[in-house]
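The values are calculated or read from the model by the stated rules, or taken from the named source; none is laboratory data. Predicted, not measured: the structure shown is a model, and the values here were computed from it. Because the Cβ atoms are built from the backbone with ideal geometry, glycine has one as well, and the counts that use them run over all protein chains shown. Only protein heavy atoms, including side chains, enter the accessible area calculation; ligands, DNA and RNA are left aside. Shrake-Rupley method; radii C 1.70, N 1.55, O 1.52, S 1.80 Å.
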Amino acid sequence: MPPVTSSAPLRHLLGIEALSGAQISRLLDLATQFQQQAPARTLAGRRVLLLFYESSTRTRISFEVAARRLGAETVTMTPAASSIEKGEALLDTVHTLRAMAVDAIVMRHSSSGAPVLVARNVDVPVLNAGDGMHEHPTQALLDGFTILRHKPRIEGLEIAIVGDVLHSRVARSNVLLLTRLGARIRLCGPRTLLPPALATYGPQVTLTHDLETALDGADVVMVLRIQMERMQEAFFPSEAEYVRLYSVTAERLRGARPDAIVMHPGPMIRGVEISADVADSAQSVIREQVENGVLIRMAALQELLAPNA
Amino acid sequence: MNLILKNGRLFDPSTGRDQIGDVVIAEDRIRSLGRDIAVEGPGTLDCTGLIICPGFIDLHVHLREPGFEYKETIETGTLAAVAGGFTAVCAMPNTKPVNDNAGTTSLLVARSRELGNARVYPIGAISDGSKGESLAAIGDMHRAGVVGISDDGRPVMNAQILRRAMEYASMFHLPVIEHAEDLHLSAGGSMHEGAAALRLGLRGISGASEDTMVARDILLAEESGGHIHIAHLSTAGSVRLVRDAKARGVRVTAEVTPHHLTLIDEDVRDYDANFKMNPPLRTRLDREAVIAGLADGTIDAIATDHAPHAAHEKQQEFNRAPFGIIGLETALPLVLRLVDAGRLTLARMVDALSCRPAAIFGLPGGTLEPGTVADITVFDPEQRWTCDPAQSKSKSRNTPFAGWEFKGRASYTLVGGRVVYRAAP
């Protein structure tokens, strides 16, 4: 596996796969500290580049808020009205921006592995804010952090992840993180979006096409966004049929444990992958996930830019 | 003018010869083989400890000229060929313009003769512009010197066009070379579809995308009586299909690349696009099957699919980077690894690098028989060296084998009796 970040100290945050257990604990602990007390301006005078090749509101703003709370300055670059749109090669863009004295690059890109390519070619830390269908490490960390606010430990939990697993970087990062922490994962979705090779993630991962089976006795239900463009690619026939088979509704949720929590990485479409009553129910921790996202991203930025602060 | 290769191991699977001896070359032909031939002179090469075999013929090379001279030229490509022990290469037509006409074919022939490195046998396009719509000028290109036709890189999705091409090309005894890939099944893919691709989040190119086309092509060859040659066969399924078809007497032949004999999808690391090629690196089981298929002759030939690309093209997002790696200078040591491991006999190796390619495409060479053209590869099976892309004779550096410790390297390459490559001492 990628040797880029095998052990402490953390040089980049490219994916959960390359993180050690100690590094994961450290990030979760730091986020807990930030939750308990207002942070010092440990990144004062530092400049963080937010390089977003793919549109994103919540993740970009979450990183921006996190960086500023630690005292850092942020610069944002998005495709529209930039050299990206003019067809400049990724590495040329990055070298140009690096020359403008940035101390870290937070990057989202539609190509899997793009942050890995950048990390190999720059001398500042790179944080992956989501790359293609590969990883979204801060999302998984914030999800793990959120679960720990409601459950004493992750070890032994039954966690259902429902939806378009094939295309989901959130699912990949969460499977890696949560199995590492000892959870059992049930991946659920239509056969077309749930390739059997997912079973190679390990014995703690099971696959089912039946939502009831997935939810039965689950401690955590993670609902993934379903993009309607997948219909054009013949992954499933219609929105109506998807809703009938895979929408997480209050009635179906009764099969889960009574204290089960419901999560969604956003943006969610009410009435499609999740019903409105579930999204707004007491079991839903969706808004909390957003709050915790800032804490985790503060932890990641501090760990990369000021590890001894 | 005589040239003598002295005291080497004469190794020729076409005749079964394997003995220590000398080769006497007169003009462009092999005059005689023998032992302790007394003639001495300036034209003697000491081949003690070296293997002297029929010259290697690579059925699948991208020379990139005309049109992509920043990646490779006929000159740099043929220099890389002879440095790798290849005396002849077949040049794929996906240049700019596409080699779909006699003029472009003639240019390749003339330019390569003028250079005098490896022989270059052009492959013509199957269809105009390799667009898969109408037949290219197959007869004219045949007269100008093509030895096969292919829309390599762009499979012929329309089965009717491919069938007509096979029928038409059979008049000129030209093989139809197919890059077997169903473009609907492989759409958007950049590596083999499987667990490794899933983890990397890369869209996959399934084994079935190759197999379905190989199956289709075999059926069309069977019906038309034409000769189909499967380029860079890479899956267990395709090996099985070709094996069955050969048993039925269908005119199907196949080649495999050294990289498919060596690497697998799990070797794709850190999104290094030097591991990106098409067909992609397959699974361990596929690799086992292509090795077995090569050993038992189901797969006729070893061909490199030498595909040079500039550094800036490979230094991109994995899904954006172009497919292909260079291969001419690493083929011999990679295949020798299989010989050392006992997976392939030396005889089958030389057969697959020389005798069979000559036989199936009807090319000169592939033998050390007196009277035949003196295209000869002399290599040192024991020489150890480290793969350093910066040292490559190719204009490009895109190889996944950088830093590999190799054993075996060409010492002399002779084309038409002339020493066109001599390893640095």
Return one whole number: the accessible area per residue of segment B:36-134 in Å², for a 1.4 Å probe. 33
Sorted by mean Cβ packing within 10 Å, highest first, what order do the peptides B:95-104, B:240-249 take? B:95-104, B:240-249
Note, segment B:90-100: 3J(HN,Hα) by Karplus (6.51, -1.76, 1.60, θ = phi - 60°), whole Hz, Gly/Pro = x, goes 9, 9, 5, x, 7, 9, 10, x, 5, 6, 10
Please report, to one decimal in angstroms, the Kirkwood hydrodynamic radius of segment B:117-210 built from all distinct Cα-Cα pairs. 14.6
By the mean-Cβ-within-10 Å protection proxy, highest first, B:210-219, A:40-49, A:57-66 rank as B:210-219, A:57-66, A:40-49
For peptides A:193-199, A:74-80, sequence by mean Cβ density within 10 Å, most packed first: A:193-199, A:74-80
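Just to confirm, what accessible area per residue do you get for chain A at 1.4 Å probe, in whole Å²?
Numbers: 12380 Å² over 309 residues.
Per-residue accessible area for chain A comes out at 40 Å².
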Tilt, helix B:331-340 to longest principal axis of chain B (alpha-carbon atoms), in degrees rounded to tens, equals 80
Taking each pair of different alpha-carbon atoms in segment B:34-161 once, compute 1/r for the pair, average those values, and report the inverse of that mean as the Kirkwood hydrodynamic radius in Å to one decimal. 16.0
Filtering trypsin sites (Lys or Arg not before Pro) in segment A:196-291 by DSSP loop and by at most 12 other Cβ atoms within 10 Å leaves A:254
Note on chain A: contact order normalised by length, alpha-carbon pairs under 8 Å, 6 or more apart, percent, works out to 19
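Probe radius 1.4 Å, ligands and nucleic acids ignored: give me the carbon and sulfur share of the accessible area of segment A:126-179 as a rounded percent. If you can, show how the numbers build up before the last one.
On the way: 470 of 1000 Å².
Accessible surface attributable to carbon and sulfur in segment A:126-179 totals 47 percent.
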Non-local residues with an amide H under 5 Å from the amide H of residue A:13, with H modelled 1.01 Å from N and Pro and chain starts lacking one, are A:126, A:127, A:128
So what's the Cα pair-distance distribution over chain B, bin width 20 Å, in %? 28, 60, 11, 0
Can you compute 3J(HN,Hα) from phi for each residue in segment B:259-271, using the Karplus curve 6.51 cos²θ - 1.76 cosθ + 1.60 with θ = phi - 60°, rounded to whole Hz and x for Gly and Pro? 6, 6, 7, 10, 10, 9, 4, 5, 7, 5, 10, 6, 6
Inter-label distance for residue A:287 and residue A:155, nm, one decimal - labels placed 7 Å from Cα along Cα-to-Cβ: 3.4
Shape verdict for segment A:166-292, please, from the Cα gyration tensor: rounded (a/c under 1.5), prolate (a/b greater than b/c) or oblate. rounded
Considering only DSSP beta bridges with both partners in the protein assembly as shown, what is the antiparallel share in %, to the nearest 5? 35
Could you pull out the pairs from B:276/B:407; B:71/B:96; A:86/B:276 whose alpha carbons sit more than 18 Å apart here? B:276/B:407; A:86/B:276
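Return the value, in Å² to the nearest 100, of accessible area buried between chains A and B (probe 1.4 Å, both sides summed).
It comes to approximately 1900 Å² buried between A and B.
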Any chance you could tell me what percent of the C-alpha pair distances in chain A go past 26 Å? 44
Ignoring ligands, DNA and RNA, what percent of the 1.4 Å accessible area of chain B is carbon and sulfur? 51
Accessible-area loss of at least 20 Å² (1.4 Å probe, chain alone to full protein assembly) applies in segment A:89-107 to A:90, A:91
Could you work out the relative contact order of segment B:348-422? I mean the mean sequence separation of Cα pairs under 8 Å and 6+ apart, divided by the number of residues, in percent. 28
Roughly what % of DSSP beta bridges within chain B run antiparallel, to the nearest 5? 55
Roughly how crowded by other chains is peptide B:316-324, in terms of the mean Cβ count from those chains within 10 Å of each of its Cβ atoms? 5
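Other chains' Cβ within 10 Å of A:170-177 residues: what's the mean?
1
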Normalised by the number of residues in chain B, what is the relative contact order in percent for Cα pairs under 8 Å and 6+ residues apart? 20
When the expected Rg is taken as 2.2 N^0.38 Å, what fraction or multiple of it is the alpha-carbon Rg of the protein assembly as shown? 1.10
Test item: A:192-204 mean partner chain Cβ contacts at 10 Å: 2
Mind pulling the angle between the C-alpha long axis of helix B:74-83 and the longest principal axis of chain B? Nearest 10 degrees, somewhere in 0 to 90. 60
What 222 nm value per residue comes from the helices of the protein assembly as shown, counting each DSSP H run with n ≥ 4 as -39,500 (n - 2.57) and dividing by all residues, nearest 500 deg cm²/dmol? -9000 deg cm²/dmol
With a cut-off of 19 Å, note down the residues of segment B:139-163 whose backbone N falls inside the zone around a label point 7 Å from the Cα of residue B:106 toward its beta carbon. B:139-148
